[in-house]
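The values are calculated or read from the model by the stated rules, or taken from the named source; none is laboratory data. Since the structure is predicted, the reported quantities are computational estimates derived from the model, not experimental observations. A quick note on method: Cβ atoms are made from the backbone with ideal geometry, for glycine too, and the neighbour counts reach across all protein chains shown.
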């Protein structure tokens, strides 16, 4: 019983966590900024890919389908390894942050493309017919009628994608991006108390995701305010 008590007391060192917090928070700036940057780029890629996926032209539809298949069919960690370590074989060396932005953006683009496509297809056909009845072109109908409604439909799954993206930034530690987990590993290597640092990082990720979830719920209520 005493042995168990000692183990539980050594599980989390509050003083070490407090002293390490400023250094871990430095990594949080990378976590948050990379999450927002790559989500923005990924949404643009997702929208373009979704349009290509829905196109009647084979030269647009097939590359879009292949891109989605590759991204969704391979692990994010492997994609990061290919970008950061694999490309050196052909003489292309990327900085850690550059590889992170490219890898996360491509990953978000592949997943969000199907979300956006599904949201567009969920809009009733009558909306398209109404737009055509007032002589709107396809792109005018998409921009003014379809996409604004599709945003409301796509918001919940895209919010989940963003939350997953925030947590996936922890994988960037393997390519030496100085985000929170990377900072925790460095401090843990000096103090040999990895459990305290990992629990601290887990707590910070939980706080970030909780706050983002609150924002998501408010946005969802606002977009759904005038929906019957």
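State whether the residues of the stretch 105-114 include one that is more than 19 Å from the chain's Cα centre (by Cα) and in contact (Cβ under 8 Å) with a residue 12 or more places away in the chain. The answer is no; no qualifying residue exists.
Applying the condition of being at pLDDT 90 or above and more than 19 Å from residue 43 (Cβ to Cβ) to the stretch 144-175 and asking which residue is surrounded by the most Cβ atoms within 10 Å (Cβ to Cβ) yields 172. Criterion applied to 123, 71 was being surrounded by 14 or more Cβ atoms within 10 Å (Cβ to Cβ), closer than 18 Å to residue 40 by Cβ and in contact with a helix residue (DSSP H, G or I) (Cβ under 7 Å, 6 or more places away or on another chain), and the one residue passing it is 71. Of note, residue 82 satisfies the criterion of being under 21 Å from residue 165 (Cβ atoms) and out of contact with any helix residue (DSSP H, G or I) (no Cβ under 6 Å at 6 or more places or on another chain).
Of the helices (runs of 4 or more DSSP H) lying entirely inside the stretch 1-90, those carrying at least 3 residues that are modelled with pLDDT of 90 or more and either within 28 Å of residue 187 (Cα to Cα) or out of contact with any strand residue (DSSP E or B) (no Cβ under 9 Å at 6 or more places or on another chain) (or both) are 14-54, 58-73, 76-84.
Those helices (runs of 4 or more DSSP H) of the stretch 122-228 in which at least 2 residues are under 17 Å from the mean Cα position of the chain (by Cα) and touching a residue at least 12 places away in the same chain (Cβ under 8 Å), considering only elements entirely within it, cover 147-168, 180-191, 194-223.
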